[in-house]
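Here the structure comes first, spelled out in structure tokens, and everything after it is commentary.
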Amino acid sequence: MKFEGTERYVATEDLQMAVNAAITLQRPLLIKGEPGTGKTMLAEEVAAALGKPILSWHIKSTTK
């Protein structure tokens, strides 16, 4: 499976490469950025493309 973005999410070449490397290596991918930049939408679209459920939990700087 090669993630190239979706109708709802346009991914840059660099982001596509990072996502596909994480998928191939079966390793997590840390996505960071300001609120509203599409981090959650990326996770949702990658999960949908893989046919997998999305697991989410809220993490704060004080989370242990």
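Among the residues making up the stretch 38-64, those that are part of a helix (DSSP H, G or I) and among the β-branched types (V, I, T) are T40, V46. Selection within the stretch 48-64: residues that are modelled with pLDDT under 95 and closer than 18 Å to Y9 by Cα. The member of this set that is surrounded by the most Cβ atoms within 10 Å (Cβ to Cβ) is A49. Residue pairs whose Cβ atoms lie under 9 Å apart, separated by 6 or more positions or on different chains, with the first residue in the stretch 35-55 and more than 14 Å from I23 (Cα to Cα) and the second exposed (fewer than 13 other Cβ atoms within 10 Å of the Cβ) and of a type in the set (K, R), are K39/K32; M41/R8; E44/R8. Pairing residues of the stretch 12-30 that are touching a residue at least 24 places away in the same chain (Cβ under 8 Å) with residues that are loosely packed, with under 12 Cβ neighbours inside 10 Å, at Cβ distances under 7 Å and at least 6 apart in sequence or on separate chains, gives I23/M1.
The set of residues from the stretch 12-41 being of a type in the set (A, V, I, L, M) and closer than 16 Å to M1 by Cα comprises L15, M17, A18, V19, A21, A22, I23, L25.
The values are calculated or read from the model by the stated rules, or taken from the named source; none is laboratory data. Note that this is a predicted model, so its numbers are computed, not measured. Here the Cβ is made from the backbone with ideal geometry for all residues, glycine too, and neighbour counts use every protein chain on show.
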